[in-house]
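Read the structure below first, then the notes.
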Amino acid sequence: MEIIILETSAQVAERGAQIVCELVRKQPDSVLGLATGSTPMALYERLIEKHKTNGVSFSSVTTFNLDEYVGLDPQHPQSYRYFMNKNLFEHIDIKPQNTHIPPGNLDNPLAAGPQYEDQIRQAGGIDLQILGIGANGHIGFNEPTSSLGSRTRIKTLTKKTIDDNSRFFAQDEFQPYLAVTMGIATIMESKRIILLATGWKKAEAVAETVEGPVCALCPASALQWHPCTSMILDTAAASLLKHTAYYKFVLNEQDRLVERFGDPR
Ligand code: PGA
């Protein structure tokens with residue numbers, strides 16, 4: 001794991017956006033895995049800005065989102081389709097037909113997982129997956145105790161996640177408690193992963209992910225097995241890590257190598 005610790009959440013978003021744009025420039029038909037939530041929003045703002053001012057084009061890019069609620073219409077303001085349209089897709093030159101969100105409104109929601117996995121496979125797999133992390137260590141909606149070998153499927157949300165997300169729903173409104181989410185094994189097949197985490201609330205989950213055991217109680221810890229994952233953290237999210245001096249030393253050495261030989265990623 002590459003551990004990148006930056007001063008501010010704005011720097012985290014900028015670093016994430018730079019990695020996305022470098023890939024899209026190098027490989028215009030990249031397949032991106034996208035996340036929703038408050039953390040990636042600042043990254044998406046920067047992608048929009050880089051599209052408008054630096055000419056970064058997404059016209060040949062394909063995207064797959066991590067997850068979607070079951071039982072919400074795509075037009076519902078809390079659906080992740082709506083979130084992605086409003087916060088990214090409508091502001092860049094991506095083709096709407098190239099954007100994929102797991103189908104949360106099928107007559108048979110159990111069919112959603114295999115269908116989505118097929119689509120990812122047909123697109124050639126995910127080149128770069130963007131992740132946030134839940135305060136409980138979830139990635140996508142893979143809640144604690146999710147199988148580390150799981151594929152895209154229906155997942156029942158924990159009370160903690162339902163409570164964390166209740167702020168987005170009116171008091172008397174239906175709040176979904178099921179979601180379709182890429183599985184952990186699905187995420188692990190991405191060629192490269194960047195996980196963004198900011199703020200104190202994420203510090204414990206980040207420490208468990210990086211320095212704890214690989215364990216289904218902290219689903220993000222599975223990333224220890226991924227050969228090309230970068231954790232991009234602000235100082236608050238990194239505050240419970242024990243080996244920060246070593247991570248900085250590693251990065252310095254890596255920068256020297258990249259300067260000399262180029263970045264193989
Ligand atoms: P957040 O959610 O970015 O809104 O904190 C992250 C997640 O739950 O994966």
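The values are calculated or read from the model by the stated rules, or taken from the named source; none is laboratory data. All figures in this text were calculated on a predicted structure; none of them were measured in a lab. Ideal geometry is used to build each Cβ from the backbone, glycine not excepted, and the neighbour counts take in all protein chains shown. SASA here: full protein model, heavy atoms, side chains in, ligands and nucleic acids out. Shrake-Rupley method; radii C 1.70, N 1.55, O 1.52, S 1.80 Å.
Odds and ends about this structure:
- Arg256 being under 20 Å from Thr36 (Cα atoms), open to solvent by 10 Å² or more (accessible area, probe 1.4 Å), modelled with pLDDT under 95 and in a helix (DSSP H, G or I): no
- Note on the stretch 37-71: residues that are in contact with a strand residue (DSSP E or B) (Cβ under 8 Å, 6 or more places away or on another chain), more than 16 Å from the ligand (Cβ to nearest atom) and closer than 19 Å to Ala13 by Cα total 1.
Each row is one residue, and each column tells you yes or no for (1) over 13 Å from the mean Cα position of the chain (by Cα); (2) under 23 Å from Ser221 (Cα atoms); (3) not charged (D, E, K, R).
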site: Glu2; (1), (2), (3): yes, yes, no
site: Ile5; (1), (2), (3): yes, yes, yes
site: Thr8; (1), (2), (3): yes, no, yes
site: Ala13; (1), (2), (3): no, yes, yes
site: Leu23; (1), (2), (3): yes, no, yes
site: Arg46; (1), (2), (3): yes, no, no
site: His51; (1), (2), (3): yes, no, yes
site: Phe64; (1), (2), (3): no, yes, yes
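- Any pair with Cβ under 7 angstrom, 6 or more apart, that starts in the stretch 187-202 at a residue that is within 11 Å of Asp127 (Cα to Cα) and among the polar types (S, T, N, Q) and ends at one that is within 16 Å of the ligand (Cβ to nearest atom) and at pLDDT 95 or above: Ser190/Gly33; Ser190/Gln129
- Applying the condition of being part of a helix (DSSP H, G or I) and open to solvent by 30 Å² or more (accessible area, probe 1.4 Å) to the stretch 145-169 and asking which residue is nearest to the ligand (Cβ to nearest atom) yields Asp164.
Residues checked against (1) at positive phi; (2) aromatic (Phe, Trp, Tyr); (3) open to solvent by 20 Å² or more (accessible area, probe 1.4 Å); (4) out of contact with any strand residue (DSSP E or B) (no Cβ under 6 Å at 6 or more places or on another chain):
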residue: Val180; (1), (2), (3), (4): no, no, no, no
residue: Glu189; (1), (2), (3), (4): no, no, yes, yes
residue: Leu195; (1), (2), (3), (4): no, no, no, no
residue: Lys201; (1), (2), (3), (4): no, no, yes, yes
residue: Cys218; (1), (2), (3), (4): no, no, no, yes
residue: Trp225; (1), (2), (3), (4): no, yes, yes, yes
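- Output for the stretch 64-84, where each listed residue is under 17 Å from Thr39 (Cβ atoms) and in a strand (DSSP E or B): Asn65, Asp67
- Filter pass, Gln129 being under 18 Å from the mean Cα position of the chain (by Cα) and either within 16 Å of the ligand (Cβ to nearest atom) or under 29 Å from Ile19 (Cβ atoms) (or both): yes
- Residue check for Asn142: within 24 Å of Asn54 (Cα to Cα) and either in contact with a Pro (Cβ under 8 Å, 6 or more places away or on another chain) or open to solvent by 20 Å² or more (accessible area, probe 1.4 Å) (or both): no
- Failed criterion for Tyr82 (all others in (1) open to solvent by 30 Å² or more (accessible area, probe 1.4 Å); (2) within 16 Å of the ligand (Cβ to nearest atom); (3) out of contact with any Leu (no Cβ under 9 Å at 6 or more places or on another chain) hold): (3)
- Count of residues meeting criterion [basic (Lys, Arg) and not in a helix (DSSP H, G or I)] in the stretch 85-128: 1
- Once the stretch 19-36 is narrowed to residues that are of a type outside the set (A, V, I, L, M) and within 23 Å of Gly183 (Cβ to Cβ), the residue that is nearest to the ligand (Cβ to nearest atom) is Thr36.
- Among (1) of a type in the set (A, V, I, L, M, F, W, C); (2) under 30 Å from Lys155 (Cβ atoms); (3) surrounded by 17 or more Cβ atoms within 10 Å (Cβ to Cβ) - the single one Val56 does not satisfy: (2)
- Asp172 open to solvent by less than 30 Å² (accessible area, probe 1.4 Å) and away from the ligand (no atom under 15 Å from the Cβ): no
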